[in-house]
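Participant: Let me give you the structure first, and then I'll get to my questions.
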Amino acid sequence: MKKFITISFIIALVIAVVTCNSIPPLSQLNDNNISSLKGIKAEKLVEKWGEPGGTLSGMYGDIWHLDDENMLVVYYDGMEDSRVLDAHIAKIQRDNSRVYVYRDSEEKVIKPRFVLQENGMFSMTFSAVSSYIGVGKYELTDETLSLYTDDGDFEYHFKVTDNGFAFDAEKSSDMTWFAKIPDGALFY
């Protein structure tokens with residue numbers, strides 16, 4: 001019986017070493033060898049490559065950064081001993097959005113802020129007390145910034161300054177969702 005246990009242990013050890021050695025280094029992954037990852041246990045990838053740089057939200061998977069331009073996305077089966085179902089190399093998406101905050105606000109938890117995205121869209125968070133988040137399109141000129149919510153109910157206007165965007169309360173909707181944003185409040 002001891003002989004059987006010893007042989008079984010050696011076989012398991014050999015399989016573990018071979019499996020770990022069959023995983024290509026991250027630097028050598030490409031479209032030709034990425035399919036070799038299918039069926040490998042998630043823990044073996046971590047042993048070989050170290051902890052992933054990110055995980056997938058809402059599904060079982062991990063992300064490893066390959067270089068400044070590419071990342072490896074690995075999908076698991078979600079079972080107790082998760083194994084690779086699929087993997088692919090994807091381009092890293094750069095988020096060129098800018099966040100502007102009313103830093104002088106008396107709000108303690110969340111200060112009023114808005115995000116301007118490169119695609120002409122915005123989102124605005126007013127207060128920790130409110131669940132409303134304004135989203136929509138924005139228009140920016142040399143002198144003004146105008147935020148128009150998608151529901152068509154609200155708009156918020158700002159004057160462009162050297163230091164950021166000054167809130168124009170007179171031209172803006174009265175509703176600021178429990179946030180005290182006085183005229184001239186500077187978002188930067």
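Participant: Calculate the dipole size of the range 47-124 relative to its Cα centre from +1 charges on Lys and Arg beta carbons and -1 charges on Asp and Glu beta carbons; express the result in debye to the nearest 20.
Facilitator: 480 debye
Participant: Continuing with the same structure: Amide H neighbours of Asn70 under 5 Å, at least 5 residues apart or on other chains, H built in the peptide plane: list them.
Facilitator: Under 5 Å from the amide H of Asn70: Ile92.
Participant: If you place +1 on the Cβ of every Lys and Arg and -1 on the Cβ of every Asp and Glu, how big does the dipole about the Cα centre of the range 92-188 come out, in debye to the nearest 20?
Facilitator: With Lys and Arg at +1 and Asp and Glu at -1, about 440 debye.
Participant: Next up: Report, by chain and number, residues whose modeled amide H sits under 5 Å from the one on Arg103, excluding near sequence neighbours (fewer than 5 apart, same chain).
Facilitator: Answer set, sorted by chain and number: Tyr188.
Participant: Work out from phi, with θ = phi - 60° and the Karplus expression 6.51 cos²θ - 1.76 cosθ + 1.60, the ³J(HN,Hα) of each residue of the range 24-31, listed in order in whole Hz, and give x for Gly and Pro.
Facilitator: Running phi through 6.51 cos²θ - 1.76 cosθ + 1.60 with θ = phi - 60° gives x, x, 3, 5, 9, 6, 8, 4 Hz.
Participant: Determine, from the Cβ-Cβ distance of Thr161 and Asp67 and an R0 of 45 Å, the FRET efficiency 1/(1 + (r/R0)^6), rounded to the nearest 0.05.
Facilitator: The calculated FRET efficiency here is 0.70.
Participant: Count the lysine pairs in the chain whose Cα atoms lie under 22 Å apart, taking only pairs 8 or more positions apart in sequence or on different chains.
Facilitator: Going through the chain pair by pair, I get 12.
Participant: Can you give the charge dipole size of the chain about its Cα centre, rounded to the nearest 20 debye, using +1 on the beta carbon of Lys and Arg and -1 on the beta carbon of Asp and Glu?
Facilitator: On the way: 18 positive and 29 negative charges, 260 e Å.
Charge dipole, the chain, about its Cα centre: 1240 debye, nearest 20.
Participant: If I fit a long axis through the Cα atoms of helix 2-22 and take the longest principal axis of the Cα atoms of the chain, what angle between them do I get, 0 to 90°, rounded to 10?
Facilitator: Between helix and principal axis, roughly 40 degrees.
Participant: When all C-alpha to C-alpha distances in the chain are sorted into bins of 10 Å, what percent of pairs does each bin hold, rounded to whole numbers?
Facilitator: 8, 26, 16, 15, 17, 10, 5, 2, 0
Participant: Compare Val101, Val109, Val74 in a GNM of the chain, Cα atoms joined below 10 Å, and give the one with the largest fluctuation.
Facilitator: Result for the chain, Cα springs under 10 Å: Val109 fluctuates most.
Participant: Still on this structure: Using +1 at the C-beta of Lys and Arg and -1 at the C-beta of Asp and Glu, which of Thr55, Ala185, Val129 has the Cα lying farthest in the positive direction of the dipole of the chain?
Facilitator: Thr55
Participant: Using θ = phi - 60° and the Karplus relation 6.51 cos²θ - 1.76 cosθ + 1.60, list the HN-Hα couplings for the range 100-109 in order, rounded to whole Hz, with x at every Gly or Pro.
Facilitator: 10, 10, 7, 5, 7, 4, 7, 4, 8, 8
A short reminder: the numbers here are calculations on the coordinates, not readings from a lab. Computed from a predicted model, the values in this text were never measured in an experiment. Cβ: placed from backbone, ideal geometry, glycine included. Neighbour counts: every protein chain shown.
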